[in-house]
Amino acid sequence: MSKKTLLLNASYEVLSFIPERKVFKLLFKDKVEVISAWDDFVTWGSGKVKHPAILRLKNHVKRNYFNSNFSRKALIKRDRSSCQYCGRKLTASQITIDHVMPRAQGGITSFVNCVVSCQDCNNSKADKTPEQAGMKLFKKPTHPSFSANYYVADPQDYWHADWNDFLR
Ligand SMILES: [Zn+2]
């Protein structure tokens, strides 16, 4: 079972769940305050700290800074498992991820450049932009808001009650 750490902006807006090494990096640089913690301790350098459940940034950051926090699961949820080109509802094994601006043309893997696509549409689009391929997106991909809707809970994850204040 894993215990996650939720990161909030200075404004208490939910940014994302962050991995342990990022938790320590933020604590070490004194960039965060601990809002809530798990009952157990984690070793950190030579000392021990309570495993943080919620951290809040001391300085406000633009949300785009966390674009790197890409997750395939959250993307599929945002696009409701539907191909964003032909609208077909897809099963887990039919889903492919399309880079709107293709990687071959410098497109990166992020929420604003990736969409769910069926294999057929992905193949015919290939290394082209939608315009170059003569295809149209249903909607412009956006960064999902990290509400509970987008936090796909793993059965292996513990849920911290204090998260309910932020993930509704
Ligand atoms: Zn399709």
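Ranked for footprinting exposure by Cβ neighbours inside 10 Å, fewest first, C83, C118 give C118, C83.
Considering only G45, W159, A74, the residue lying farthest towards the positive end of the dipole of the chain is A74, judged by Cα position with unit charges set on Cβ. For H51, the residues whose modelled amide H falls within less than 5 Å of its own, excluding neighbours fewer than 5 places apart on the same chain, are W38, D40, F41, V42. Computed from phi, the 3J(HN,Hα) profile of the stretch 92-107 under the Karplus parametrisation 6.51, -1.76, 1.60 (θ = phi - 60°) reads 3, 7, 8, 6, 10, 9, 9, 8, 4, 8, x, 4, 4, 10, x, x Hz, with x in place of Gly and Pro. Residues T5, T109, arranged from fewest to most other Cβ atoms within 10 angstrom of their Cβ, appear as T109, T5.
Restricting to Cα pairs below 8 Å that are 6+ residues apart, what does the relative contact order work out to for the stretch 65-147? Please round to a whole percent. The normalised contact order for the stretch 65-147 reaches 32 percent. For the pair K25 and N164, label points projected 7 Å from Cα toward Cβ lie 3.3 nm apart. Charge dipole of the stretch 3-49 (Cα centre as origin; +1 on each Lys and Arg Cβ, -1 on each Asp and Glu Cβ, all else neutral): 240 debye, rounded to the nearest 20.
The mean sequence distance of close C-alpha pairs (under 8 Å, at least 6 residues apart), as a share of the length of the chain, puts its relative contact order at 22 percent. Considering only S110, C86, N59, and ranking their Cα positions along the charge dipole of the chain that arises from unit charges at the beta-carbon of Lys, Arg, Asp and Glu, the one farthest toward the positive end is C86. Between K50 and L137, full extension at 0.36 nm per residue minus the direct alpha carbon distance yields a gain of 26.7 nm.
Each Lys and Arg adds +1 at its Cβ and each Asp and Glu adds -1 at its Cβ; summed about the Cα centre, the stretch 8-136 shows a dipole of about 100 debye.
The Cα trace of the chain gives Rg and Dmax of 18.6, 59 Å, the first to one decimal, the second as a whole number.
Here, each number is a calculation from the coordinates, and none is a lab measurement. Source: prediction; values computed, not measured. Glycine gets a Cβ as well: all are built from the backbone with ideal geometry, and neighbour counts include every protein chain shown.
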